[in-house]
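Single-structure report; data block below.
The values are calculated or read from the model by the stated rules, or taken from the named source; none is laboratory data. Small disclaimer: the values here were computed from a predicted structure and weren't measured. Note that we place each Cβ from the backbone using ideal geometry, even for glycine, and neighbour counts take in every protein chain shown.
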Amino acid sequence: MDDYRDHDAVGLAELVRDGQVTPAELLDAARARAREVNGRINAIVVEVDPPAPAGGGDGPFAGVPFLLKDLGQDLAGYPTSGGSRALATTPVTENATVVDRWLAAGLVVFGKTNTPEFGAKGITEPHLFGPARNPWDTDHTPGGSSGGSAAAVAAGIVPCAAASDGGGSIRIPASACGLFGLKPSRGLVPSGPVAGEAIGGTATHGVVSRSVRDTAAMLDVLVGPSPESPYLAAPPLSPYAGEVGQDPGPLRIGVWTGSSINPDPHPEALAAARESAALLTSLGHEVEELDAAPFDDAALARDFLTSWFVYVAHAVAEAKAFGGAGDGGFEPDTLVMAALGRATSPVDFVRAVESRQLAVRRMAAFHQRYDLLLTPSTATPPPRVGALDLPPALQRAQRGLIKARGAGLLRFTPVVDQLISENLGWVPYTQLANLTGLPAMSVPLHWTPQGLPIGTQLVGRLGAEAVLLRLAAQLEQAQPWWDRRPAL
């Protein structure tokens, strides 16, 4: 087991190619580790019979065990629950495009991972499956919405797992679990065949991993349009895997740690950013503290949540049509968000979508002067499981209004403020990259005195994945995190 956990996905694939280990042996090791730890972290919620031959074909990851996220990553013959009771028993009939690409790469899918209902929170505590827990401290969340995937990787079940990111859902759990997580540029990875652009182009697929080279090689597997893609994204000039180990050159990096959503970030979040800035300076980069935010994060949060609530309303309606569920198939918080979405006027929704362009323009101006923006990945260390639940009195008010079909009135109550705090209070930094389409990564460079990870986010220009990967590999070499493992 220790030998299995000593290798990343690229390393395991090399062992298979060299004949030193068989895919069946790797799958046995992954399942054995899952049996050992999954009862404590609740990362894997669906077991899958590998849909590919045991040999995994001849792809770059042939024979390597892998986990899908149970949201937007359809595997034919299995439900994609999205963490919702409404979809938990209805199988899908075709694979998602990214799933086909992972299978073609030879990955052996043996499970699906825990996620909040419809990925609508930065924590992973669905009523359907129960909370996922952080391997570094199981009293705390692994983040969300790719929390189950991140917990599985941090616990050593797999070296790399599927994830997706619509508001930080790769970077938040990567930060919470001490992993590397990269959100690619808009349009680089396809969303089909069901969705042309997931959540209006703000969401994308990717992975969470323990090594930078795994993420780079996985990105090579995923990039490029499919026939149903709505537009053609510029392909990389060379494979991303080849960027790892290349000199990024001296970069100019602007640092911003403020947040109008959370005006008092935790000292450990500030320490993570400060220490990362010092490390980057020591590596020859020009790092400068910004006098003001390069974008209006309060306006960005309003735009994000306005469109997010409308998306949740659409997701609930689609789930009801697909699975035949009524309101009883959904969590109260989801029904509230859906009601707020339905209460949003079409003009307000279009305004929220169109006003993203202001953030795009401001970040374009920022990137004329700086190569990267550095922020903490999250404003606090990972919260305790259950810490973001609504207080009992608000839960009762919530249930009463839902029952009376008056949930839209909740926009005039403290419930909305609580939902905003719950969704964005500890994660105010990540939505920028989604709404602007920019690539961004969380790098694990800091642990609190209590042993909880908290990452550093770096946001690049559109199409700057190569720069981010080169820099991440440089940081990985300068301050290695591979051997840091939870005691689980």
Suppose we filter Val207, Val194 for residues that are in a strand (DSSP E or B) and out of contact with any Leu (no Cβ under 7 Å at 6 or more places or on another chain); which single one remains? Val207
From Asp8, Asp70, residue being under 24 Å from Ala203 (Cα atoms), in contact (Cβ under 8 Å) with a residue 40 or more places away in the chain and buried (at least 18 other Cβ atoms within 10 Å of the Cβ): Asp70
Restricting to region 73-87, name every residue that is crowded, with 18+ Cβ neighbours inside 10 Å, more than 12 Å from Lys112 (Cα to Cα) and either among the small types (Gly, Ala, Ser) or modelled with pLDDT under 95 (or both). Ser84, Ala86
Given the conditions (1) surrounded by fewer than 24 Cβ atoms within 10 Å (Cβ to Cβ); (2) on the phi > 0 side of the Ramachandran plot, which single one is not true for Gly119? (1)
Looking at Arg302, Arg274, can you tell me which residue is among the basic types (Lys, Arg) and at pLDDT 95 or above? Arg274
Considering residues that are under 25 Å from Pro79 (Cβ atoms), of a type outside the set (A, V, I, L, M, F, W, C) and buried (at least 19 other Cβ atoms within 10 Å of the Cβ), the number found within region 11-60 is 4
With the requirement that a residue be of a type in the set (Ser, Thr, Tyr) and either within 27 Å of Arg17 (Cβ to Cβ) or touching a residue at least 24 places away in the same chain (Cβ under 8 Å) (or both), what does region 88-123 give you? Thr89, Thr90, Thr97, Thr113, Thr115
Using the structure shown, decide if Ala233 is in contact (Cβ under 8 Å) with a residue 40 or more places away in the chain and in a loop (DSSP other than H, G, I, E, B). yes
Residue check, Ile157 in a loop (DSSP other than H, G, I, E, B), over 18 Å from Leu452 (Cβ atoms), of a type in the set (A, V, I, L, M) and touching a residue at least 24 places away in the same chain (Cβ under 8 Å): yes
Between a residue in region 184-195 that is surrounded by fewer than 22 Cβ atoms within 10 Å (Cβ to Cβ) and any residue that is charged (D, E, K, R), which pairs come within a Cβ distance under 7 Å, given they are 6 or more apart or on different chains? Gly192/Glu228; Pro193/Glu94; Pro193/Glu228
Tell me the residue from Ala338, Ala325 that is surrounded by 22 or more Cβ atoms within 10 Å (Cβ to Cβ) and modelled with pLDDT under 95, please. Ala338
Among residues of region 429-464 being over 16 Å from the mean Cα position of the chain (by Cα) and at positive phi, the residue surrounded by the fewest Cβ atoms within 10 Å (Cβ to Cβ) is Gly451
Listed residues Pro131, Pro50, Pro126; which is closer than 26 Å to Ala487 by Cβ, assigned to a loop (DSSP other than H, G, I, E, B) and touching a residue at least 60 places away in the same chain (Cβ under 8 Å)? Pro131
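Residue by residue, here is whether (1) farther than 23 Å from Trp308 by Cα; (2) under 18 Å from the mean Cα position of the chain (by Cα); (3) in a loop (DSSP other than H, G, I, E, B) holds:
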| site | (1), (2), (3) |
| --- | --- |
| Pro142 | no, yes, yes |
| Ser149 | no, yes, no |
| Gly181 | no, yes, no |
| Pro227 | yes, no, yes |
| Gly245 | yes, no, yes |
Test: residue in region 180-189 that is on the phi > 0 side of the Ramachandran plot, modelled with pLDDT of 95 or more and in contact with a helix residue (DSSP H, G or I) (Cβ under 6 Å, 6 or more places away or on another chain): no
Quick test for you: out of Val336, Val353, Val347, Val287, pick the one residue that is of a type in the set (Val, Ile, Thr), under 20 Å from Arg186 (Cα atoms) and over 21 Å from the mean Cα position of the chain (by Cα). Val353
Checked against (1) touching a strand residue (DSSP E or B) at 6+ places or on another chain (Cβ under 9 Å); (2) of a type outside the set (Lys, Arg); (3) over 30 Å from Glu125 (Cβ atoms), Val347 satisfies every condition except (1)
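So that you can scan it fast, the table gives a plain yes or no per residue for (1) hydroxyl-bearing (Ser, Thr, Tyr); (2) part of a helix (DSSP H, G or I); (3) without any contact (Cβ under 8 Å) to a residue 24 or more places away in the chain:
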position	(1), (2), (3)
Asp264	no, no, yes
Ala278	no, yes, yes
Thr281	yes, yes, yes
Ala299	no, yes, no
Thr306	yes, yes, no
Val310	no, yes, no
Met337	no, yes, no
